[in-house]
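Below: one structure, written as structure tokens.
The values are calculated or read from the model by the stated rules, or taken from the named source; none is laboratory data. Worth saying up front: this structure is predicted, and the values here are computed from it rather than measured. Every residue, glycine among them, receives a Cβ derived from its backbone with ideal geometry; neighbour counts consider all protein chains shown.
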Ligand SMILES: C[S@@+](CC[C@H](N)C(=O)[O-])C[C@H]1O[C@@H](n2cnc3c(N)ncnc32)[C@H](O)[C@@H]1O
């Protein structure tokens, strides 16, 4: 993140310090589904308040605050409508961030950011310290939150799916296993693009219950098996390629090696492993991965890694890193083979 050079430092910092207000304003707009209510054109305040079950004079104040950020605008006739910046808050947009806007302000996540100081002092993830269980168990125990998290991941994977699929040659691959594949957005897009491919979507049972509609809308449900399980115990055998997207960065080294070892056990000698992650570049301060790294530690006890760090993990789990390829997105493909 860079400081805007046209502002005095104190003003630029003050804007950053107040960043939490922006997050909460957008979060509330997401919770109230305001962008969906304005999808077909501008709407009167009274109508919006009625349909969002809110206090009209306060909703006006919320909309005015969001308008100062160019999210929503008030028309001369008094009605409120979408700006270009508000469009991705709609749940029906291919690049929707609506679920993510709703997710970040949920008390379980919001309160975790409030304990960043604990994480920095101790090096521990703050989530278990506050909530008494780890993030993944918490999502399983709170099904609505779990579903929202998976939806946010599905939307985030959707935005990058084409770039990732285009970044790897799947010809000759018969069976693809997506380990921790969430609701199946990425494997769905991959099977859609490669008509001879069959797939296995593997994730926690509480997550894969919602996968069939995602695979159906990709038109691939007849070619994709859905399996619930725990990747620390085992992952399904029989794949030519094992995908791990945004999995390894959720975990410290010991757990990462355990997940990779489960994959290695399921694989045959000529299967391949594809890790899809943001990779830390030598200049960490200029990268989105460097910025996200602290969030991984705070929430799930994970970390972002450099190519060399991935190489060490892979080596310890019985793999040889073969190549790293950039995609037309912020994610790289790290391809490894059994050593
Ligand atoms: C950050 S999400 C990534 C989801 C998906 N790969 C994507 O990129 O959209 C991490 C995934 O790991 C799954 N996961 C966490 N612990 C797991 C476990 N023990 N066994 C199987 N899946 C697990 C979560 O349910 C979640 O879907």
Response to the item:
Looking across segment 207-232 at residues that are without any contact (Cβ under 8 Å) to a residue 24 or more places away in the chain and more than 16 Å from the ligand (Cβ to nearest atom), the single one that is surrounded by the fewest Cβ atoms within 10 Å (Cβ to Cβ) is 222
Discussion item. Against the conditions (1) within 16 Å of the chain's Cα centre (by Cα); (2) closer than 27 Å to residue 37 by Cα, where does residue 110 fall short? Just the number, please.
Written reply: (1)
Item to complete: Go over the candidates 41, 78 one by one and state the one that is free of Cβ contacts under 8 Å to residues at least 40 places away in the same chain and either over 25 Å from residue 293 (Cα atoms) or out of contact with any helix residue (DSSP H, G or I) (no Cβ under 9 Å at 6 or more places or on another chain) (or both).
Response: 78
Fill in: Exclusive hit being in a strand (DSSP E or B), within 16 Å of the ligand (Cβ to nearest atom), over 28 Å from residue 124 (Cβ atoms) and touching a strand residue (DSSP E or B) at 6+ places or on another chain (Cβ under 9 Å), set 333, 321
333
Discussion item. Conditions first: (1) within 30 Å of residue 94 (Cα to Cα); (2) more than 9 Å from the ligand (Cβ to nearest atom). Residue 156 passes all but one, so which condition is the exception?
Written reply: (2)
Worksheet entry | Enumeration of residues in segment 169-206 that are within 15 Å of the ligand (Cβ to nearest atom), more than 25 Å from residue 96 (Cα to Cα) and buried (at least 19 other Cβ atoms within 10 Å of the Cβ) | 176, 177, 199, 200
Item to complete: Return yes when residue 164 is within 11 Å of the ligand (Cβ to nearest atom), part of a helix (DSSP H, G or I) and either over 23 Å from residue 234 (Cα atoms) or modelled with pLDDT under 95 (or both) and no when it is not.
Response: yes
Discussion item. Checking the condition within 27 Å of residue 134 (Cβ to Cβ) and modelled with pLDDT of 95 or more, which residue from 302, 292 passes?
Written reply: 302
Discussion item. Suppose the filter is touching a residue at least 40 places away in the same chain (Cβ under 8 Å) and either loosely packed, with under 12 Cβ neighbours inside 10 Å or farther than 17 Å from residue 96 by Cβ (or both); does residue 19 pass it?
Written reply: no
Item to complete: Determine which member of the set 56, 99, 86 is within 27 Å of the chain's Cα centre (by Cα) and farther than 27 Å from residue 138 by Cα.
Response: 86
Practice prompt. Inspect all residues belonging to segment 167-177 and state whether any of them is more than 28 Å from residue 92 (Cα to Cα), assigned to a loop (DSSP other than H, G, I, E, B) and touching a helix residue (DSSP H, G or I) at 6+ places or on another chain (Cβ under 6 Å).
Written response: no
Worksheet entry | Residue pairs meeting the criteria (Cβ under 6 Å; at least 6 apart or on separate chains; first on the phi < 0 side of the Ramachandran plot, in segment 233-244; second surrounded by fewer than 18 Cβ atoms within 10 Å (Cβ to Cβ) and in a loop (DSSP other than H, G, I, E, B)) | 240/174
Worksheet, complete the sentence: The residue that is nearest to residue 283 (Cα to Cα), considering only those in segment 299-312 that are in contact with a helix residue (DSSP H, G or I) (Cβ under 6 Å, 6 or more places away or on another chain) and surrounded by fewer than 22 Cβ atoms within 10 Å (Cβ to Cβ), is 303
